[in-house]
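J.: First the structure, which I've put down as structure tokens, then a few questions once you've had a look.
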């Protein structure tokens, strides 16, 4: 007879290199309480004095739970996070981004499952 153990959330330190753990512990010891390590968008874009972030997905790929948490954190701090489905053509993506403003909540999806 086997007993199933309850599922637990992975440790925030899981998968970190020893050097990263030391830096994280040092940051926490200094009182920094909002530290995000996983789930960062693919690009940080600085444009005319504004910083925003771009997450790129392809195929049927979707935002993972840790990415969603990070994106929500960034938005709560006032940053825009854009999700772009990279299956669109270069010109489709470029034209849509050209007219985007940070006040607009933007997700660009082209292709399958959109």
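The values are calculated or read from the model by the stated rules, or taken from the named source; none is laboratory data. Small disclaimer: the values here were computed from a predicted structure and weren't measured. Because the Cβ atoms are built from the backbone with ideal geometry, glycine has one as well, and the counts that use them run over all protein chains shown.
J.: Could you check, for the range 30-37, whether at least one of its residues is under 20 Å from residue 15 (Cβ atoms), in contact with a helix residue (DSSP H, G or I) (Cβ under 6 Å, 6 or more places away or on another chain) and either part of a strand (DSSP E or B) or modelled with pLDDT under 85 (or both)?
T.: There is at least one residue in the range 30-37 that is under 20 Å from residue 15 (Cβ atoms), in contact with a helix residue (DSSP H, G or I) (Cβ under 6 Å, 6 or more places away or on another chain) and either part of a strand (DSSP E or B) or modelled with pLDDT under 85 (or both).
J.: Here is a follow-up. Confirm whether residue 111 is touching a helix residue (DSSP H, G or I) at 6+ places or on another chain (Cβ under 9 Å) and at pLDDT below 75. Can you show your working first?
T.: Working: touching a helix residue (DSSP H, G or I) at 6+ places or on another chain (Cβ under 9 Å): no; at pLDDT below 75: yes.
Answer is no for this residue.
For (1) modelled with pLDDT of 80 or more; (2) under 15 Å from residue 50 (Cα atoms); (3) exposed (fewer than 14 other Cβ atoms within 10 Å of the Cβ); (4) touching a strand residue (DSSP E or B) at 6+ places or on another chain (Cβ under 7 Å), each residue gets a yes or a no:
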| site | (1), (2), (3), (4) |
| --- | --- |
| 70 | yes, no, no, no |
| 76 | yes, no, yes, no |
| 80 | yes, yes, no, yes |
| 83 | yes, no, no, yes |
| 87 | no, no, no, no |
| 95 | no, no, yes, no |
| 101 | no, yes, yes, no |
| 104 | no, yes, yes, no |
| 107 | no, no, yes, yes |
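J.: Right, something else. Looking at the range 42-63, is at least one residue in a loop (DSSP other than H, G, I, E, B), at pLDDT 85 or above, over 13 Å from the mean Cα position of the chain (by Cα) and surrounded by 11 or more Cβ atoms within 10 Å (Cβ to Cβ)? Steps first, answer last, please.
T.: First, the residues of the range 42-63 that are in a loop (DSSP other than H, G, I, E, B): 42, 48-49, 58-63.
Applying the additional criterion that residues be at pLDDT 85 or above yields 42, 61-63.
Still in the list and also over 13 Å from the mean Cα position of the chain (by Cα): 61.
Then drop every residue that is not surrounded by 11 or more Cβ atoms within 10 Å (Cβ to Cβ), which leaves 61.
So far as the range 42-63 goes, yes, one or more of its residues are in a loop (DSSP other than H, G, I, E, B), at pLDDT 85 or above, over 13 Å from the mean Cα position of the chain (by Cα) and surrounded by 11 or more Cβ atoms within 10 Å (Cβ to Cβ).
J.: Considering the range 66-81 alone, what residues qualify as being in a loop (DSSP other than H, G, I, E, B) and in contact (Cβ under 8 Å) with a residue 24 or more places away in the chain? So that I can check it myself, show each step before the final result.
T.: Initially, the range 66-81 is screened for residues in a loop (DSSP other than H, G, I, E, B), giving 77-79.
79 - this is the single residue of the range 66-81 that is in a loop (DSSP other than H, G, I, E, B) and in contact (Cβ under 8 Å) with a residue 24 or more places away in the chain.
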